[in-house]
Amino acid sequence: MSGLAVIVAGCSSGAATTGPSATTKAPPVSSSAPPSSVVHPPTLERLLPTEDELAKVGQDEYVQPVEYVIGETTPLRLVNACGAAQPWDAKAKLGAQAHSNSESGEIAQLVAEYDGYTGAQVVAGVKKALACGHVTVQHLDFGSVSEFTAPKVADAQYGFCAAPTDPIGVRICVLVLGKGDRAESLVFTNTDWVDKPGRSVLAKVAPLFAEALGRP
């Protein structure tokens with residue numbers, strides 16, 4: 001009962017006397033709320049290049065990175081090989097995605113951080129899984145997977161192009177990069193029937209994406 005005067009009734013006169021505790025002042029109570037103890041989860045948006053960085057390598061149209069929300073109906077699969085879930089898919093704990101464009105085509109960017117897998121292991125696993133010769137990207141099916149190489153810029157990397165199963169579809173080229181416990185896929189799409197623009201564009205932007213992938 002700190003801060004309150006204790007009232008004691010007199011036995012004979014009826015006069016009230018003030019108890020000793022009335023002379024003790026209570027400490028002031030702060031009206032401000034205590035600091036929040038909520039810890040916001042980390043995000044991976046910082047691991048994708050900025051608009052200014054992409055403009056320097058010819059990607060002049062840009063969609064800001066956003067968190068990839070991982071859930072039962074939205075698993076994070078960097079590369080959906082053979083239509084089957086891969087062991088590392090369930091170990092993706094964080095993700096982010098963005099898009100950029102140039103006159104040549106669009107690059108869809110997807111980055112993930114894993115628990116129990118390194119980026120190099122994910123890259124090696126993707127390469128092995130694609131031996132089936134079939135991949136699904138953005139709900140479209142592709143076959144006739146062919147590999148391509150780009151200058152080494154990450155702990156591990158793997159590039160491939162794929163032709164659509166639908167003869168009127170478009171080709172894609174994909175570069176998968178791994179660094180530390182992170183990996184990302186860069187999916188290049190255009191309306192041409194040749195792979196060369198995709199390979200050359202991905203090789204050009206690869207150093208920038210690999211550098212961003214290693215940010216603290």
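Miscellaneous remarks
- Meets criteria (more than 25 Å from LYS91 (Cα to Cα) and free of Cβ contacts under 8 Å to residues at least 12 places away in the same chain) for THR165: no
- Against the test of being over 19 Å from GLY83 (Cα atoms), touching a Lys or Arg at 6+ places or on another chain (Cβ under 7 Å) and either touching a residue at least 24 places away in the same chain (Cβ under 8 Å) or not hydroxyl-bearing (Ser, Thr, Tyr) (or both), the options ASP155, ASP181 yield a single qualifying residue, ASP155.
- Restricting GLN97, GLN121 to residues that are farther than 22 Å from THR189 by Cβ and either outside any loop (DSSP other than H, G, I, E, B) or open to solvent by less than 20 Å² (accessible area, probe 1.4 Å) (or both) narrows the list to GLN121.
- Subset of the range 149-186 that is in a loop (DSSP other than H, G, I, E, B) and in contact with a Phe, Trp or Tyr (Cβ under 7 Å, 6 or more places away or on another chain) - its residue that is farthest from LEU110 (Cα to Cα): THR165
- Some residue of the range 150-165 being among the β-branched types (Val, Ile, Thr), farther than 25 Å from PRO49 by Cα and over 20 Å from the mean Cα position of the chain (by Cα): yes
- Scanning the range 74-93 for residues that are touching a residue at least 24 places away in the same chain (Cβ under 8 Å), farther than 15 Å from GLY178 by Cβ and in contact with a strand residue (DSSP E or B) (Cβ under 8 Å, 6 or more places away or on another chain) yields a total of 4.
- Whichever residue in the range 124-148 is in a loop (DSSP other than H, G, I, E, B) and touching a residue at least 12 places away in the same chain (Cβ under 8 Å) and, among such residues, is surrounded by the fewest Cβ atoms within 10 Å (Cβ to Cβ): GLN138
- Hits in the range 149-179 - residues which are farther than 12 Å from LYS127 by Cα, open to solvent by 40 Å² or more (accessible area, probe 1.4 Å) and not aliphatic (A, V, I, L, M): THR149, PRO151, LYS152, ASP155, THR165, ASP166, PRO167, ARG171, LYS179
- Residue list for the range 45-86, restricted to those being among the polar types (S, T, N, Q) and within 19 Å of the chain's Cα centre (by Cα): THR50, GLN64, THR73, THR74, ASN80, GLN86
- Of the criteria (1) farther than 22 Å from VAL122 by Cβ; (2) small (Gly, Ala, Ser); (3) modelled with pLDDT of 95 or more, which one GLY95 fails: (1)
- Members of the range 106-118 found to be surrounded by fewer than 19 Cβ atoms within 10 Å (Cβ to Cβ) and under 26 Å from VAL170 (Cα atoms), listed by number: GLU106, ALA108
- Some residue of the range 60-81 being assigned to a helix (DSSP H, G or I) and either among the aromatic types (Phe, Trp, Tyr) or buried (at least 20 other Cβ atoms within 10 Å of the Cβ) (or both): no
- Selection count, the range 100-118, where residues are in a strand (DSSP E or B) and among the small types (Gly, Ala, Ser): 3
The values are calculated or read from the model by the stated rules, or taken from the named source; none is laboratory data. Predicted model only: the values in this text are computed from it and were never measured. Don't worry about glycine lacking a Cβ; one is built from the backbone with ideal geometry, like all the others, and counts go over all protein chains shown. These accessible areas exclude ligands, DNA and RNA; they are computed on the full protein's heavy atoms, side chains included. Shrake-Rupley method; radii C 1.70, N 1.55, O 1.52, S 1.80 Å.
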